[in-house]
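Report on the structure given below.
The values are calculated or read from the model by the stated rules, or taken from the named source; none is laboratory data. None of the values given here were measured: they were computed from a predicted structure. As a convention, Cβ positions derive from the backbone with ideal geometry for all residues, glycine included, and neighbour counts pool all protein chains shown.
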Protein chains: 2
Amino acid sequence: MPRVGQAEGQALLERFRRYLRDQHQPVTRQRDVVAGIVLQADDHLSVGAIQRRLKERGHRIGLATIYRVLEILVASGLVKAHDFGEGFRRFEPVTGQGRHEHLVCTRCGRVLEFANEQLERVLPIIADEHRFQLQRHRVEIYGVCQACQQL
Amino acid sequence: MPRVGQAEGQALLERFRRYLRDQHQPVTRQRDVVAGIVLQADDHLSVGAIQRRLKERGHRIGLATIYRVLEILVASGLVKAHDFGEGFRRFEPVTGQGRHEHLVCTRCGRVLEFANEQLERVLPIIADEHRFQLQRHRVEIYGVCQACQQL
DNA sequence: TTGCCTGCAAAGTATTTGCATAACA
DNA sequence: TGTTATGCAAATACTTTGCAGGCAA
């Protein structure tokens, strides 16, 4: 079950092309291909994973270009960058499903998502109690996923 | 108001020396000095900050040694390492005050702590709902601290 | 056509490792 | 005194940047 449906991925890609045109930036083949992979991913991709998929599909795109496209994608708001403390970042398409947090498997690296109303409610209160102007938060649960427990 | 009182810092340092002796590892001057700085810190120190304090106090200790002492401190359980997504880690002495999470100021880098019972209660439930064997979690609130808001 | 994007390689940052020397027990 | 920690420098991993040439508009 993909995070982003085929159709939603296509729609996001279309929005990215539009974003580039609006910004008077060219829609290059590299940008289209990299964005296509990230925006249609059913997972939280690392740069390494993106590079691998590019190779599999026969595309020869430089590493620097991947990073530069990701920068644009994040700036466009269509992609979010995450740092799960692995020493590298991962990238996730921003779908309509709204705010969610992450469960990260420390064995296989798989990332699951969850939403919890209670959590989202309490964090602004805590920030307020400490006179913090909340900008964003990060909630991650690390553990062993069901599949890895059975090995 | 320091996180770790002078007395508590001293006690932690004493425990570190005992830990080394128990492990049949030498208590060298470098280990003692670096541990002293980290264990008595009133803040979440980066390696850069540790290095700076060492220089201020006239100690010439190699960078590699700092990292190696930190590795021992973390292994001993007296220090916790944190990754606040800044591209480097920070280190915090483990005091008796128990579990807490962090508020990180995105302007000045200051780190405040907070504890919230509701939060600690809900996270294991969420892990369970997703058949995740919980190992640890991370809750961070990023925003602008009170001092920085007034600038 | 023309300016910006791309690819390559080099640089940059945080951290780790190898090795000769020095210091602790 | 023998073992092992230290200091320096080189290596590593991820990411960013500079520059010559290629491509989108």
Go through the stretch B:4-37 residue by residue and tally those that are at positive phi and surrounded by 12 or more Cβ atoms within 10 Å (Cβ to Cβ). 0
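Could you please find all residues in the stretch A:130-151 being facing chain B (nearest Cβ under 7 Å), assigned to a loop (DSSP other than H, G, I, E, B) and either touching a Lys or Arg at 6+ places or on another chain (Cβ under 8 Å) or at pLDDT below 95 (or both)?
Once the filter is applied, which keeps residues that are facing chain B (nearest Cβ under 7 Å), assigned to a loop (DSSP other than H, G, I, E, B) and either touching a Lys or Arg at 6+ places or on another chain (Cβ under 8 Å) or at pLDDT below 95 (or both), the stretch A:130-151 yields only A:CYS145.
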For the stretch B:15-26 the number of residues that are closer than 25 Å to B:GLY58 by Cβ, over 21 Å from the mean Cα position of the chain (by Cα) and more than 9 Å from DNA strand D (Cβ to nearest atom) is 0
Tell me, yes or no, whether the stretch B:81-95 has at least one residue that is of a type outside the set (A, V, I, L, M, F, W, C), loosely packed, with under 14 Cβ neighbours inside 10 Å and over 19 Å from A:PRO124 (Cβ atoms). yes
Go through the residues of the stretch A:25-33 one by one and say whether even a single one is within 9 Å of DNA strand C (Cβ to nearest atom), touching a Gly at 6+ places or on another chain (Cβ under 9 Å) and over 15 Å from A:PRO93 (Cβ atoms). yes
Of all residues in the stretch A:128-139 being of a type outside the set (Lys, Arg) and surrounded by fewer than 20 Cβ atoms within 10 Å (Cβ to Cβ), the one that is farthest from B:LEU112 (Cα to Cα): A:GLN135
In the stretch B:84-104, residues that are at the interface with another protein chain (Cβ under 10 Å from one of its Cβ atoms) and at pLDDT below 95 total 4
Across the stretch B:63-80, the tally of residues that are within 14 Å of chain A (Cβ to nearest Cβ) and near DNA strand C (Cβ under 8 Å from one of its atoms) stands at 0
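Considering each residue of the stretch B:83-124, count those that are among the charged types (D, E, K, R) and more than 16 Å from DNA strand C (Cβ to nearest atom), and give that number. Step through it out loud before you land on a result.
Step one: filter the stretch B:83-124 for residues among the charged types (D, E, K, R), giving B:83, B:86, B:89-90, B:92, B:99, B:101, B:107, B:110, B:113, B:117, B:120-121.
Now restrict to residues that are more than 16 Å from DNA strand C (Cβ to nearest atom): B:99, B:101, B:107, B:110, B:113, B:117, B:120-121.
Number of matching residues: 8.
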With the condition kept exactly as written, say whether any residue in the stretch A:110-121 is more than 20 Å from B:GLU113 (Cα to Cα), within 7 Å of chain B (Cβ to nearest Cβ), of a type in the set (Phe, Trp, Tyr) and surrounded by fewer than 18 Cβ atoms within 10 Å (Cβ to Cβ). yes
Are any residues in the stretch B:79-90 away from DNA strand D (no atom under 16 Å from the Cβ) and touching a residue at least 40 places away in the same chain (Cβ under 8 Å), and if so, which ones? B:ARG90
Can you find a residue that is touching a residue at least 24 places away in the same chain (Cβ under 8 Å) and out of contact with any strand residue (DSSP E or B) (no Cβ under 6 Å at 6 or more places or on another chain) anywhere in the stretch A:118-127? no
Subset of the stretch B:47-62 that is in contact with a strand residue (DSSP E or B) (Cβ under 9 Å, 6 or more places away or on another chain) and either within 14 Å of another protein chain (Cβ to nearest Cβ) or within 12 Å of DNA strand C (Cβ to nearest atom) (or both) - its residue that is nearest to B:HIS82 (Cα to Cα): B:VAL47
Being free of Cβ contacts under 8 Å to residues at least 60 places away in the same chain, within 23 Å of A:GLU117 (Cα to Cα) and loosely packed, with under 15 Cβ neighbours inside 10 Å is true for just one of A:GLY62, A:GLY98. Which residue is that? A:GLY98
Search the stretch B:14-31 for residues that are within 14 Å of chain A (Cβ to nearest Cβ) and pair each with any residue that is within 8 Å of DNA strand D (Cβ to nearest atom) and modelled with pLDDT of 95 or more when their beta-carbon atoms are under 7 Å apart and the residues are at least 6 apart or on different chains. none
